[in-house]
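A.B. asks: Could you have a look at this structure, given as structure tokens, before my questions?
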Amino acid sequence: MTQPFELPHFYMPYPARLNPHLDEARAHSTGWAREMGMLEGSGIWEQADLEAHDYGLLCAYTHPDCDGPALSLITDWYVWVFFFDDHFLDMYKRTPDRAAGKAHLDRLPLFMPLDPATAVPEPENPVEAGLKDLWARTVPSMSVDWRRRFSVATEHLLNESMWELSNINEGRIANPVEYIEMRRKVGGAPWSAGLVEYATAEVPAAVSGTRPLRVLMETFADAVHLRNDLFSYQREVEDEGENSNGVLVLETFFGCTTQEAAETVNDILTSRLHQFEHTALTEVPAAALEKGLTPDQVAAVAAYTKGLQDWQSGGHEWHLRSSRYMNKGARPGSPWQLPSGPGVAAADVRALLAAAAQERLRAYTHVPYQKVGPPLLPEFHMPYRLELSPHLDAARRNLVGWSHRMGILEEGVWDEDKLAAYDLALCSAGLDPDATPEALDLSAQWLAWGTYGDDYYPLVHGHRRDLAAARLTTARLSQCMPVEGDPALVPANAMERGLTDLWTRTTADMTADQRRTLKAAVDTMTESWVWELSNQLQNRIPDPVDYLEMRRATFGSDLTLSLCRMGHGPAVPPEVYRSGPVRSLENAAIDYACLLNDIFSYQKEIEYEGEIHNSVLVVQNFFGADYPAALRVVHDLTTQRMQQFEHVVEHELPVLYDDFGLSEAGRAAMDGHVLDLQNWMAGILNWHRNVDRYKAEWLGRRAHGFLPDRPPAPPVQLVS
């Protein structure tokens, strides 16, 4: 069969190594698969299938340093997960039988209790039998923290198969943002990362939830999945009719050839590997220092990081050899394995390293403050009607008074002219048109506080190039939000006074868990401002995937969603909010707002602020495109995100309601949450269209900087 495209030249500078216990793992996994009922008589595999796929070789390449028993156990896990995938395809995707597929998936978490002493059901099929056996053999040597994280990753891997099944049922191809998010869960690389911990060293709980460790896992996942998409395109798209493949997604989104889409997927893969290396060398050491890790814990994180790196090299090598994939004409993954000959290897290595360096340096070569002129504003897809609160004028007046009382207009960053140009009460009036006067005031004040902080960090800390002061500011702001019985921080500046006031009024009637959720949302936003500042000081334009995910945080999206959700009471179970469809719904709304903000603020940020965190600029840099071309991509993405929102509302939420057996009150509460998000998007678009903050005339008069008649805000004192 002719290949649909020529495989690109992959960036893989680390040579693959082979575990010496390969034969032991192969023999063990074959016997184990037969014992679990996965071979003869299963209707899915025969022994010849298992031998052709050679999961022992996969695990020997991806875990080169573990001992024989550990390699055998890990190989059994991979046999199980690939059997699950083929079993689910044959039983539920080819049919397709959504109800039976969900019933099958609903039983599997019962075989993964956090306490190994908990009784589990009697297995009814090879998938259940395999999971029961593997869980019992694995968890005794791992902590409860690892068990919890690995069971969640396994549930995501299993449950998101329903997302793939739904897309096949509708003949629908995802958009790039949705695809990369969901592929992490469906593709199982976060699950693989858990087994890397088993093979190398467990990540300390103190850092397992931090951004640097999350980014390591996510960049590892994206690279693994995108590489798999390139090798499996022919089998998945042409043979199985699969819609979940990155090459197909980009081919559809950009309207390009399959070869061009494959090259673009490889560019994104390379970018994710560069992001992995950047995070490992810069952010991980800082997190270890900040969390006070012991030398043994630092060594454990290093071993885990190296394990993820080994997995990348070994996984690539396995794809080159497995009969499961399209690999004709593929070149070895490492430059050190190129054909030898007089001058050949050296020339190829030099060319590869030069290309890699060029790609890596591209992120650091932007010239700030380029004159770009007023932004081009396309026609935005907005299917929802704008409504405004009748209390808008009063909220505007009250916001001025509150800003003066907090000191926001007295620190040299904002004055009344800026506050009026930003008209944040107008934004609140559109976000929550039915709010009481008091609730509208509170909403406008939260927006003002968040916008002030977003301006303050680059202007004050960025002006001084003082990352340490920015970190201290963030730490002190977190102390302004006591959850239960914590000592209150005495505010020392406008940001601290504003947050203390907002926190006290907002959380007066909240439970401790609700306060904890809201505090985490604010912390996420303020920590993302430090991430932006760090990139700014390096003049580093972020990777497109990392940018969009962090953009949600810098935009304060978690804060907005926390406040929205709390308005709908306990009728909606937390697991509904954690479900794939609801996360997809909320992320689509958030991305729509973030991306349109980048389109409106292009001149403000690029020309007047020297900013690098703008999706249009990120696309320009990544694809080497000019401004109009990059704008088209970002505008297309806003449309895709809105259409994704509409798709989830129309097709996925009704099924979700049935899956969870939501009561009438729960369904009404979720419908109210959807309406809040619709108002949120319509209100934000209206606000951008009407305020002076992004208009060339106002920017020319009030360029981003300290107020001319006032000194800059004083630095934060290094005391608490």
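The values are calculated or read from the model by the stated rules, or taken from the named source; none is laboratory data. Predicted, not measured: the structure shown is a model, and the values here were computed from it. Because the Cβ atoms are built from the backbone with ideal geometry, glycine has one as well, and the counts that use them run over all protein chains shown. Note: accessible area is taken over every heavy atom of the protein model, side chains too, but ligands, DNA and RNA are not part of it. Shrake-Rupley method; radii C 1.70, N 1.55, O 1.52, S 1.80 Å.
A.B. asks: Once both axes come from the Cα atoms, what is the angle between helix 295-321 and the longest principal axis of the chain, in degrees from 0 to 90, rounded to 10?
C.D. replies: 60
A.B. asks: Could you provide, to the nearest whole Å², the per residue accessible area of the stretch 192-337 with probe 1.4 Å?
C.D. replies: For the stretch 192-337, the solvent-accessible area averages 35 Å² per residue.
A.B. asks: Placing unit charges on C-beta atoms (Lys and Arg positive, Asp and Glu negative, everything else neutral), compute the dipole magnitude of the stretch 579-668 about its Cα centre in debye, rounded to 20.
C.D. replies: 60
A.B. asks: From the residues Pro121, Val522, His635, which one has its Cα farthest along the dipole of the chain in the positive direction, the dipole being from +1 and -1 charges on Cβ of Lys/Arg and Asp/Glu about the Cα centre?
C.D. replies: The residue sitting farthest along the positive end of the dipole is Val522.
A.B. asks: Also, quick follow-up: What value does the stretch 38-112 have for Rg/Rh, both radii from Cα atoms and Rh as Kirkwood defines it?
C.D. replies: 1.04
A.B. asks: Nothing charged except the Cβ atoms of Lys and Arg (+1) and of Asp and Glu (-1): what's the magnitude of the dipole of the chain about its Cα centre? Round to the nearest 20 debye.
C.D. replies: Using Cβ point charges on Lys, Arg, Asp and Glu, the chain gives about 1660 debye.
A.B. asks: Ignoring ligands, DNA and RNA, what percent of the 1.4 Å accessible area of the stretch 394-501 is carbon and sulfur?
C.D. replies: That share works out to 54 percent.
A.B. asks: With every protein chain in place, what's the accessible area of Leu537 (1.4 Å probe, Å², nearest 10)?
C.D. replies: 40
A.B. asks: So what's the projected area for the stretch 208-301, the Cα convex hull averaged over all directions, in nm²?
C.D. replies: Value for the stretch 208-301: 7.1 nm².
A.B. asks: A further question on this structure: Restricting attention to the alpha-carbon atoms of the chain, what are Rg (one decimal) and Dmax (integer), both in Å?
C.D. replies: 26.4, 83
A.B. asks: Then there's this: As I understand it, the dipole of the chain uses +1 on the Cβ of Lys and Arg and -1 on the Cβ of Asp and Glu, about the Cα centre. Which of Ile612, Met142, Leu57 lies farthest toward its positive end?
C.D. replies: The Cα lying farthest towards the positive end belongs to Ile612.
A.B. asks: A follow-up question, please. If packing is taken as the average count of other Cβ atoms within 10 Å, what order do 481-493, 389-401, 56-68 fall into, highest mean first?
C.D. replies: Per-residue Cβ counts within 10 Å, averaged per peptide and sorted highest first, yield 56-68, 389-401, 481-493.
A.B. asks: Given a Förster radius of 22 Å and the C-beta distance between Glu290 and Arg516 as r, what FRET efficiency does 1/(1 + (r/R0)^6) yield to the nearest 0.05?
C.D. replies: 0.60
A.B. asks: Along the charge dipole of the stretch 223-279, Cβ charges K/R +1 and D/E -1, which of Phe254, Gly241, Thr270 sits furthest on the positive end?
C.D. replies: Of the listed residues, the answer is Thr270.
A.B. asks: Right, here's the next one. Averaged per residue, what accessible area in Å² does the stretch 622-684 show with a 1.4 Å probe, protein chains only?
C.D. replies: For the stretch 622-684, the solvent-accessible area averages 39 Å² per residue.
A.B. asks: Over the C-alpha atoms of the stretch 1-130, what are the Rg and the largest Cα-to-Cα span, Dmax, in Å?
C.D. replies: In order Rg, Dmax, the Cα atoms of the stretch 1-130 give 17.3, 53 Å.
A.B. asks: Sorted by packing (mean other beta-carbon atoms within 10 Å per residue), highest first, where do 647-656, 20-29, 364-373 land?
C.D. replies: Top to bottom by mean Cβ count within 10 Å: 20-29, 647-656, 364-373.
A.B. asks: Just how many % of Cα pairs in the stretch 619-706 lie over 22 Å apart, if you round to the nearest whole percent?
C.D. replies: The proportion of pairs with Cα distances above 22 Å equals 55 percent.
A.B. asks: Quick one: accessible area per residue over the stretch 11-79, 1.4 Å probe, rounded to a whole number of Å²?
C.D. replies: Accessible area per residue, the stretch 11-79: 38 Å².
A.B. asks: Tell me, what % of the accessible area of the stretch 1-62 is carbon and sulfur with a 1.4 angstrom probe?
C.D. replies: Of all accessible area on the stretch 1-62, carbon and sulfur atoms account for 51 percent.
A.B. asks: If I fit a long axis through the Cα atoms of helix 580-600 and take the longest principal axis of the Cα atoms of the chain, what angle between them do I get, 0 to 90°, rounded to 10?
C.D. replies: 50
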